[in-house]
Amino acid sequence: MRISTLVICAFVIGGMLALGGCGHKLVAHNGESTVAVYPDEATFIKLVDLKKQGGVGGMIGGLGEGLAARQVDNNTPVRIVSSDERGAQIEVTDGEFKGLKGFVARDNVR
């Protein structure tokens, strides 16, 4: 009986640890209700650089974001695959875009 109790406790602890890694969500800012999920980090960097240029480059960057990025609802649960100083490679784990993989800016993941 003592061994079965230890096995059950081990499974419970393992389950809690597994669920703890899945608690990330997308976070929209500045009154937005969606978060842009880019296909990859390279696309994200190119479009952010274009937007920073202002003028025609900024306009092209804004249009490119609309075409290249998927808009995913705020508070959508995600799993972080990898991350760096710019952002995170994520996979949507629930909702309308379940299974979508892409890159989001660092401040758009909680």
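Run down the aspartates and glutamates and flag those whose C-alpha is under 12 Å from the C-alpha of K101, throwing out any fewer than 8 positions away in its chain.
Of all the aspartates and glutamates, those that pass the test against K101 - Cα under 12 Å, at least 8 places apart if same chain - are D40, E41, E91.
Run the quick spin-label model on E85 and K46: label points 7 Å from Cα toward the beta carbon, then report their separation in nm to one decimal.
For the pair E85/K46, the computed spacing is 2.3 nm.
Return the long-range amide H neighbours of A28 (sequence gap of 5 or more, or a different chain), with a cut-off of under 5 Å between placed amide H atoms.
The list, which skips near neighbours in sequence, is N75.
Where a number appears in this text, it was derived from the coordinates with a stated rule and is not lab data. The structure presented is a predicted model; accordingly, all values stated were derived computationally and were not measured. Please note: Cβ atoms are built from the backbone with ideal geometry, for glycine as well, and neighbour counts cover all protein chains shown.
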